[in-house]
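For reference, the structure discussed in these notes is given below.
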Amino acid sequence: GKNDPLAQAVDGAKVMVWSPGTAVLPEGIQPLVVDDEGRWIAFRPEDGAVGLLFRPEMKPGLIEDILMEEDRDTPENVGELLEQCRQLWPEMQKTTDRVIVALVRELALMTEKRKPPVFSLKVDTGSDV
């Protein structure tokens, strides 16, 4: 998906993936974006829909909130990851902006859709008055 706006938006960027476990894409669905190890982090199941494993809106404060939740499984090096996230935050904000613009464009979120015609219905009372 090199020509894909979403793929271009994150190409070469670091993004936060918070995923306990992995999911295998169904046969025939190609990943749109993969990580350095070749695992999918975004795919398009059909026109007008995108699946994201990465979180473009993930902020250091949001990660802290998630860590505070009870019974949350966290990686051993979560402190290190949080610090890395804080350092990357200015760059991550730019990536987030590019992702949002790509999604708005790609999913036609701001495109005016043709509305179905409105019909005027008359009630037939059964009597001619």
*Within region 44-56, which residues are closer than 15 Å to VAL17 by Cα and either in contact with a Gly (Cβ under 9 Å, 6 or more places away or on another chain) or open to solvent by less than 80 Å² (accessible area, probe 1.4 Å) (or both)?*
GLY51, LEU52, LEU53, PHE54, PRO56
*Can you tell me which residues in region 94-113 are of a type in the set (Gly, Ala, Ser) and either exposed (fewer than 11 other Cβ atoms within 10 Å of the Cβ) or under 14 Å from ALA7 (Cα atoms) (or both)?*
ALA102
*Among the candidates ILE29, ILE41, which residue alone is in contact with a Lys or Arg (Cβ under 9 Å, 6 or more places away or on another chain), open to solvent by less than 60 Å² (accessible area, probe 1.4 Å) and outside any helix (DSSP H, G or I)?*
ILE29
_Candidate set: region 1-60, residues that are more than 12 Å from the chain's Cα centre (by Cα) and acidic (Asp, Glu); chosen: the one modelled with the lowest pLDDT_ = ASP47
_Restricting to region 1-26, give me the number of residues that are more than 17 Å from GLU91 (Cβ to Cβ) and exposed (fewer than 15 other Cβ atoms within 10 Å of the Cβ)._
11
*Pull up region 73-93, narrow it to residues that are open to solvent by 90 Å² or more (accessible area, probe 1.4 Å) and free of Cβ contacts under 8 Å to residues at least 12 places away in the same chain, then point me to the one that is nearest to the chain's Cα centre (by Cα).*
GLN87
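The values are calculated or read from the model by the stated rules, or taken from the named source; none is laboratory data. Owing to the predicted nature of the structure, the values given are computational and were not obtained by experimental measurement. For neighbour counting, all protein chains shown are included, and Cβ atoms are generated from backbone atoms with ideal geometry for every residue, glycine included. Remember, those area values only see protein heavy atoms, side chains included, never the ligands or the DNA or RNA. Shrake-Rupley method; radii C 1.70, N 1.55, O 1.52, S 1.80 Å.
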